[in-house]
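This report refers to the structure that appears directly beneath it.
The values are calculated or read from the model by the stated rules, or taken from the named source; none is laboratory data. As the structure is a prediction and not an experimental result, all values here were calculated from the model. Here the Cβ positions follow ideal geometry from the backbone for every residue, glycine too, while neighbour counts run over all protein chains shown.
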Amino acid sequence: MQTPELPGKIAIVTGGSRGIGRGIALKLAQEGATVVINSTEGSRELVGEVIKTMKGYGVDGLWVPGDISQEETGERLVAETVEHFGRLDILVHNAGITDNDFAIRTTGERWRRVIETNLSSGFYVGKPAYIQMNRQREGVALFVSSVVAHGNAGQASYAASKSGLEGLMRGLAVEYMSLKRPIRANAVAFGGVKTDMVEKLTDEQREALIKATPLGRLITIEEASEVALFLVSPRSAIINGAVIDADGGMLRR
């Protein structure tokens, strides 16, 4: 039997009830990590299924519900993790939403909702997570970004939120490198992953996404989760402050 990569590690995964977040949460659990999931109150049933699966792997799971776009939720998420398990080794900030429309038709309210949910949330959970990791003198964070961070028509708010998230990651990485702390931060920019979000696209939109991917198909959640596992595991110890493109070879404009 293969030795687990993350035995005894304590991880937080935001947006872990479905899609890429669910896949990452289960992948970390398979590798021996105890996983704390954050998602909204409405995902109770979905999270229950994820935690039940985790227990089948022989590890604990915990749900801390709440709106991650609120600073209080990020602080409570880290506090409850440490209260239950004594430490925090891994943060995977995956939670995010889209609101696709042209910028000229996007209201300030809609803009703020995307920025708060996708970008500000990274600070709200990243700050207390890094305070805890600094106390421990170790830890790793992974921020889930997107190829859309480079810009895409009709996704101005989403692009701004993801490019900002990459900037936040680099800021954290540089701060802790300067303090000579073994605390890493990276981001992964996924392309077209086969999630509910992509399934909601029209056939024409989905075909256009596949056509833009030299791989010739959508990326599976399992493939995305394997990349995430690598970036939070000791195997990637020399990677810090990097944005890893996991997009099937999509060319940048």
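When you check Ile68 against the structure, is it in a strand (DSSP E or B), closer than 20 Å to Ala185 by Cα, touching a strand residue (DSSP E or B) at 6+ places or on another chain (Cβ under 8 Å) and aliphatic (A, V, I, L, M), yes or no?
In short, no.
For the stretch 179-238, give me the residue count where each residue is among the hydroxyl-bearing types (Ser, Thr, Tyr), surrounded by 11 or more Cβ atoms within 10 Å (Cβ to Cβ) and outside any helix (DSSP H, G or I).
Our first condition is that a residue be among the hydroxyl-bearing types (Ser, Thr, Tyr); within the stretch 179-238, this holds for 195, 202, 213, 220, 225, 233, 236.
If we keep only those that are surrounded by 11 or more Cβ atoms within 10 Å (Cβ to Cβ) as well, we get 195, 213, 220, 225, 233, 236.
Filter once more, so that each one left must be outside any helix (DSSP H, G or I): 195, 213, 220, 233.
The number of residues fulfilling the criteria is 4.
Whether any residue in the stretch 52-72 is surrounded by 15 or more Cβ atoms within 10 Å (Cβ to Cβ), more than 16 Å from the chain's Cα centre (by Cα), over 24 Å from Pro234 (Cα atoms) and without any contact (Cβ under 8 Å) to a residue 24 or more places away in the chain is what I want to check.
No, because not a single residue in the stretch 52-72 is surrounded by 15 or more Cβ atoms within 10 Å (Cβ to Cβ), more than 16 Å from the chain's Cα centre (by Cα), over 24 Å from Pro234 (Cα atoms) and without any contact (Cβ under 8 Å) to a residue 24 or more places away in the chain.
Conditions tested, residue by residue: (1) under 20 Å from Ala185 (Cβ atoms); (2) crowded, with 17+ Cβ neighbours inside 10 Å.
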residue: Leu77; (1), (2): yes, yes
residue: Leu91; (1), (2): yes, yes
residue: Gly96; (1), (2): yes, yes
residue: Phe102; (1), (2): no, no
residue: Glu109; (1), (2): no, no
residue: Glu116; (1), (2): no, yes
residue: Ser120; (1), (2): yes, yes
residue: Val125; (1), (2): yes, yes
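State whether one or more residues within the stretch 212-233 are at pLDDT 75 or above, farther than 27 Å from Asp89 by Cα and of a type in the set (Ser, Thr, Tyr).
Yes: the stretch 212-233 contains one or more residues that are at pLDDT 75 or above, farther than 27 Å from Asp89 by Cα and of a type in the set (Ser, Thr, Tyr).
Sort through Val140, Val114, Val144 and tell me the only one that's closer than 20 Å to Val198 by Cα and in contact with an Asp or Glu (Cβ under 8 Å, 6 or more places away or on another chain).
On the way: Val140 fails: closer than 20 Å to Val198 by Cα; Val144 fails: in contact with an Asp or Glu (Cβ under 8 Å, 6 or more places away or on another chain).
Sole residue among the options that is closer than 20 Å to Val198 by Cα and in contact with an Asp or Glu (Cβ under 8 Å, 6 or more places away or on another chain): Val114.
Any residue at all in the stretch 22-31 that is of a type outside the set (S, T, N, Q), surrounded by fewer than 19 Cβ atoms within 10 Å (Cβ to Cβ) and over 17 Å from the mean Cα position of the chain (by Cα)?
no
Return the total of residues in the stretch 1-46 being closer than 21 Å to Pro234 by Cβ, free of Cβ contacts under 8 Å to residues at least 60 places away in the same chain and part of a loop (DSSP other than H, G, I, E, B).
Looking only at that region, the number is 8.
When the stretch 71-123 is examined, which residues are found to be of a type in the set (A, V, I, L, M, F, W, C), within 23 Å of Met133 (Cβ to Cβ) and not in a loop (DSSP other than H, G, I, E, B)?
Leu77, Val78, Ala79, Val82, Phe85, Ile90, Leu91, Val92, Leu119, Phe123
Yes/no matrix, rows are residues, columns are (1) aromatic (Phe, Trp, Tyr); (2) touching a residue at least 12 places away in the same chain (Cβ under 8 Å):
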residue: Glu83; (1), (2): no, no
residue: His93; (1), (2): no, yes
residue: Asn100; (1), (2): no, yes
residue: Ser120; (1), (2): no, yes
residue: Gln132; (1), (2): no, yes
residue: Arg135; (1), (2): no, no
residue: Phe143; (1), (2): yes, yes
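Residues checked against (1) at pLDDT 95 or above; (2) on the phi > 0 side of the Ramachandran plot; (3) not aliphatic (A, V, I, L, M):
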| residue | (1), (2), (3) |
| --- | --- |
| Ala79 | yes, no, no |
| Glu83 | yes, no, yes |
| Ile90 | yes, no, no |
| Ala103 | no, no, no |
| Trp111 | no, no, yes |
| Phe123 | yes, no, yes |
| Gly126 | yes, no, yes |
| His150 | no, no, yes |
